[in-house]
């Protein structure tokens, strides 16, 4: 029997918006400047983590003698040159949001990114009012793949994790949601497709995959 879904939590980057493409371009350029051409293993280790943890992974894996602060500053300069020229919603995002809102299900965003960035991205698409509940890297002590952010979101939304549908695009985020006990559905994209999603309850093809819509249909029937 399918667990009744009573709330939904979204990751941000790569799940709601195509920003992982921009992060990938940024990371590729950052590594290219250091003579590293085999970039995907590095980016896979970084994806889904908070910035300082991601750059720590880069330094360790690539044996760099630079600081996190220096790498982050250079990365931010590259990223922000590209962001609002290329950012787009992922397929099905607004259809899914309309369906969730039609059911009056509480929802939230739980991201490894910072709050100012989150507000800039949601504001760009007029979504701030639709997400009054958000959690960022600044709201937790431990970043993904630690479950803290999803445990915090579930508690705030007032539902036990098994009744919370979490949508993620990365292995680290999937591991975090699974460890929290949430109903984790992974929605990989071209840059995360090769990652480990074995802990997901289901691996979807898009935000409006029939499995996701079926969970919402079941929630509607339970409420009626």
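Just so it is clear, none of the values below were taken in a lab; they were calculated from the coordinates. A quick note: this is a predicted structure, and the numbers were derived from the prediction, not measured. Ideal geometry is used to build each Cβ from the backbone, glycine not excepted, and the neighbour counts take in all protein chains shown.
Among 186, 102, 198, which one shows the biggest mean-square fluctuation in a GNM of the chain, springs joining Cα atoms closer than 10 Å?
Top of the fluctuation ranking is 102.
Go ahead and set up a Gaussian network model of the chain, Cα springs under 10 Å, then flag whichever of 24, 76, 172 fluctuates most.
Between 24, 76, 172, it is 76 that shows the largest mean-square fluctuation.
Name the most mobile residue of 159, 183, 80, meaning the one with the largest mean-square fluctuation, in a Gaussian network model of the chain with Cα contacts below 10 Å.
Judging by the Gaussian network model, the answer is 80.
Could you work out the percent of alpha carbon pairs in the chain separated by over 22 Å, rounded to a whole number? Numbers along the way, then the final one.
Working: 12134 of 24976 pairs.
Here the tail beyond 22 Å accounts for 49 percent of pairs.
Pull out the extension gain between residue 70 and residue 25, defined as 0.36 nm times the separation in residues minus the alpha carbon to alpha carbon distance; nm, one decimal. Walk me through the numbers on the way to the answer.
Working: separation 45, 0.36 × 45 = 16.20 nm, distance 1.81 nm.
Separation in residues times 0.36 nm, less the Cα-Cα distance, equals 14.4 nm.
Dividing the alpha-carbon radius of gyration of the range 19-86 by 2.2 N^0.38 Å (N being the number of residues), what value is obtained? Let's see the in-between values first.
On the way: Rg = 10.9 Å, N = 68, 2.2 N^0.38 = 10.9 Å.
Rounded to two decimals, the normalised Rg is 1.00.
Separation between the residue 115 and residue 193 pseudo-spin-labels, each 7 Å from Cα along Cα→Cβ, expressed in nm?
About 3.8 nm separates the two model spin labels.
Relative to the longest principal axis of the C-alpha atoms of the chain, give the angle of the C-alpha long axis of helix 93-102, reported between 0 and 90° and rounded to the nearest 10°.
30 degrees
Sort the following peptides by mean Cβ neighbour count (other Cβ atoms within 10 Å, averaged over residues), highest first: 139-151, 3-15, 120-132.
Values: 139-151: 19.5, 3-15: 23.2, 120-132: 14.2.
Descending mean neighbour count gives 3-15, 139-151, 120-132.
Can you put 111, 19, 174, 136 in order, fewest other beta carbons within 10 Å first?
Details: 111 26, 19 23, 174 30, 136 20.
With the fewest neighbours first, 111, 19, 174, 136 line up as 136, 19, 111, 174.
Working from Cα positions, state the angle (0 to 90°, nearest 10) between the long axis of helix 68-86 and the longest principal axis of the chain.
60 degrees
Fully extended, how many nm does the chain gain between residue 98 and residue 128 (0.36 nm per residue separation, minus their Cα-Cα distance)? Don't skip to the end; give the middle numbers.
Values: separation 30, 0.36 × 30 = 10.80 nm, distance 1.46 nm.
Extending this stretch completely gives an extra 9.3 nm.
Would you please calculate the Kirkwood hydrodynamic radius of the range 136-224 over all C-alpha pairs and express it in Å, rounded to one decimal? Walk me through the numbers on the way to the answer.
On the way: mean 1/r = 0.0743 Å⁻¹.
One over the average 1/r among Cα pairs gives 13.5 Å for the range 136-224.
Compute the FRET efficiency between residue 39 and residue 217 as 1/(1 + (r/R0)^6), taking r as their Cβ-Cβ distance and R0 = 41 Å, and round to the nearest 0.05.
Once the sixth-power term is evaluated, E becomes 0.50.
Indicate, rounded to the nearest 5 percent, the antiparallel portion of the DSSP beta bridges found entirely in the chain.
Working: 1 of 17 bridges.
Looking only at bridges with both residues in the chain, the antiparallel portion is about 5 percent.
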